[in-house]
Structures are given as structure tokens and as C-alpha cells.
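K.L.:
Submitted below is the structure of interest, expressed as C-alpha cells.
The values are calculated or read from the model by the stated rules, or taken from the named source; none is laboratory data. Just so you know, these numbers come straight off a predicted model, no measurement behind them. As a convention, Cβ positions derive from the backbone with ideal geometry for all residues, glycine included, and neighbour counts pool all protein chains shown.
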Amino acid sequence: MLSGTSLVHVLSPEKGYIVKRAFPSNTFIVKRGTKYIKIDHILELVENPVDLEKIYSFVPPSSIWNLLPPVDLKNHFFLGDTQVRFVEKELKLLKLDGGHTRISYKDIADVVCYMSSIKECDDFHLRMDIYPQIIKEWALENFSGDSIEIGLYCLLACDEEGDMASFLKRWRDSSLEETNVEDLIHRINTTFIIQEKKIRIQQYLNKLIG
């Protein structure tokens with residue numbers, strides 16, 4: 001599939017590419033029947049990188065109860081299907097008809113805390129029906145409701161709301177298990193968070209453990 005205006009992009013099932021001209025140092029002659037054609041330049045495919053920070057910043061956060069229109073990542077960022085699936089997994093995006101949307105950290109924290117509160121119930125899946133089916137499926141695919149996950153999203157929600165002072169109480173009140181800040185730091189180090197936010201919350205957590 002070719003796409004673009006001033007730039008030409010090629011999208012494959014795996015990756016997206018920019019088509020660039022390359023001028024070889026040697027002369028190429030191509031024979032076609034009885035004719036010989038001199039090649040002045042060749043076309044080179046350069047892989048489009050996946051810029052998670054750029055994509056995260058471009059897709060606005062939605063509420064699970066009021067979803068914003070989806071963003072077509074494939075055609076906006078010229079990504080292949082495999083790249084789109086990678087972005088969806090890393091950013092915990094919700095897949096909709098026509099693209100993806102991003103759920104706010106506040107709503108993710110609420111979902112994760114609720115999952116934790118009911119995960120020992122025999123009718124867990126039935127209790128998850130308080131959410132629309134598409135949200136339920138997204139939540140079950142992306143989250144488990146463990147203590148560190150609760151801490152992660154409560155922390156990100158508090159940062160999103162500018163209310164870091166309430167983080168520890170919110171985490172302890174929401175988790176049925178022991179809370180461990182050092183384990184939370186490890187989870188943060190292995191989770192995609194935009195760099196500016198990650199540095200800020202790492203500094204905050206380092207102060208907590210002295």
C-alpha cells in the first residue's frame with residue numbers, strides 16, 4: 001500500500017517505510033529486450049520508527065464512559081499492522097472500529113482497583129459486566145489487579161490529577177495485599193511512561209524510600 005503526499009510511504013503487514021531516493025556511486029544499466037536503460041537513482045525503503053512518546057502525546061485520554069473518536073494509527077503514523085499491535089500493547093490502547101483511543105490513568109486506576117476487589121469472587125467475570133463489553137475485554141486482556149499494578153496506576157492517576165500527596169493512602173486503601181515501593185519502582189522502570197513523567201515519579205518514589 002502506498003500513501004503520502006510530498007513523501008511516499010509503503011505500508012506492509014509488518015512495518016511502515018518511507019521511500020527515499022538513493023544515488024548509487026556506480027552506473028547501473030538495465031536491459032529490456034533490445035533496449036538498454038541507464039539507472040540514475042534507485043528507491044530505498046527506510047523503516048518508519050515507532051515513536052511511543054509522540055503517539056502517546058497525540059492520542060488524547062478518554063473516559064471509559066465517554067470515549068473520544070479513535071485515531072487511525074496505521075495511516076496517521078504510517079505503521080504496519082505488527083507495529084500497530086506493538087503500540088496498542090505498550091500504551092494499553094483500546095481498539096475501536098477505525099482506530100484506537102487511550103484511556104485516562106484515572107479510569108485505568110479505577111478499573112484495576114475494582115478488579116482487585118472482586119478477583120477472589122466466584123462470579124468475577126459476571127461482576128465485570130458493570131463495564132461495557134469492549135471495556136471488559138480490554139481490561140481482562142491488559143490488567144490483573146495485583147498490588148503493584150494498583151500502585152502503578154494510582155500513582156500515574158495522582159500525577160495526572162496533580163495530587164501526589166494522596167498517593168500512598170490511595171494505594172494502601174485500594175490494595176488487599178502488602179504494598180512495596182521498591183517493587184513499584186521496578187515496575188515503573190519496565191513500563192512505558194513518557195520520559196518527563198517517568199523522571200518526575202521516580203524522583204518522588206526515591207524520596208519515599210529515603
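K.L.:
Answer yes or no: is there a residue in the stretch 9-16 that is at pLDDT 75 or above and either polar (S, T, N, Q) or in contact with a helix residue (DSSP H, G or I) (Cβ under 7 Å, 6 or more places away or on another chain) (or both).
P.N.:
no
K.L.:
Could I ask something else about it? Count, please, the residues in the stretch 66-88 that happen to be exposed (fewer than 15 other Cβ atoms within 10 Å of the Cβ), of a type in the set (D, E, K, R), free of Cβ contacts under 8 Å to residues at least 40 places away in the same chain and not in a loop (DSSP other than H, G, I, E, B).
P.N.:
1
K.L.:
Then there is this: Kindly evaluate GLU137 against the criterion of being surrounded by 13 or more Cβ atoms within 10 Å (Cβ to Cβ) and closer than 18 Å to PRO61 by Cα.
P.N.:
no
K.L.:
Let me ask something additional. Only residues that are over 23 Å from ARG200 (Cα atoms), assigned to a loop (DSSP other than H, G, I, E, B) and not acidic (Asp, Glu): list them for the stretch 104-155, please.
P.N.:
Correct list: LYS119, CYS121, TYR131, PRO132, PHE143, SER144, GLY145.
K.L.:
Within the stretch 193-210, count every residue that is within 19 Å of LYS54 (Cβ to Cβ), without any contact (Cβ under 8 Å) to a residue 40 or more places away in the chain and among the basic types (Lys, Arg).
P.N.:
Residues flagged as within 19 Å of LYS54 (Cβ to Cβ), without any contact (Cβ under 8 Å) to a residue 40 or more places away in the chain and among the basic types (Lys, Arg) within the stretch 193-210 amount to 1.
K.L.:
Out of the residues in the stretch 89-103 that are among the hydrophobic types (A, V, I, L, M, F, W, C) and not in a helix (DSSP H, G or I), which is nearest to LYS54 (Cα to Cα)?
P.N.:
Here the answer is LEU93.
K.L.:
In the stretch 19-65, which residues are at pLDDT 95 or above and assigned to a strand (DSSP E or B)?
P.N.:
Of everything in the stretch 19-65, those that are at pLDDT 95 or above and assigned to a strand (DSSP E or B) turn out to be PRO61, SER62, SER63.
K.L.:
In addition: Which of (1) within 28 Å of HIS100 (Cβ to Cβ); (2) at pLDDT below 95 does ASP173 not meet, given it meets every other one?
P.N.:
(1)
Residues checked against (1) surrounded by 19 or more Cβ atoms within 10 Å (Cβ to Cβ); (2) closer than 26 Å to VAL59 by Cβ:
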residue: TYR114; (1), (2): no, yes
residue: ASP123; (1), (2): no, no
residue: GLU141; (1), (2): no, yes
residue: ILE150; (1), (2): yes, yes
residue: ASP159; (1), (2): no, yes
residue: LEU168; (1), (2): no, no
residue: ASP173; (1), (2): no, no
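K.L.:
For the list (1) out of contact with any Phe, Trp or Tyr (no Cβ under 8 Å at 6 or more places or on another chain); (2) under 18 Å from SER104 (Cβ atoms); (3) not in a loop (DSSP other than H, G, I, E, B), I need the number of the one condition that THR191 fails.
P.N.:
That leaves (3) as the condition not met.
K.L.:
Still on this structure: Have a look at LYS106, LYS92 and point out the one that is at pLDDT 95 or above and either outside the structural domain of GLU178 (by TED's automatic domain parsing) or on the phi > 0 side of the Ramachandran plot (or both).
P.N.:
LYS92
K.L.:
For THR179, which of the numbered conditions (1) more than 19 Å from PRO61 (Cα to Cα); (2) in a helix (DSSP H, G or I); (3) touching a Lys or Arg at 6+ places or on another chain (Cβ under 6 Å) fails to hold?
P.N.:
Failed condition: (2).
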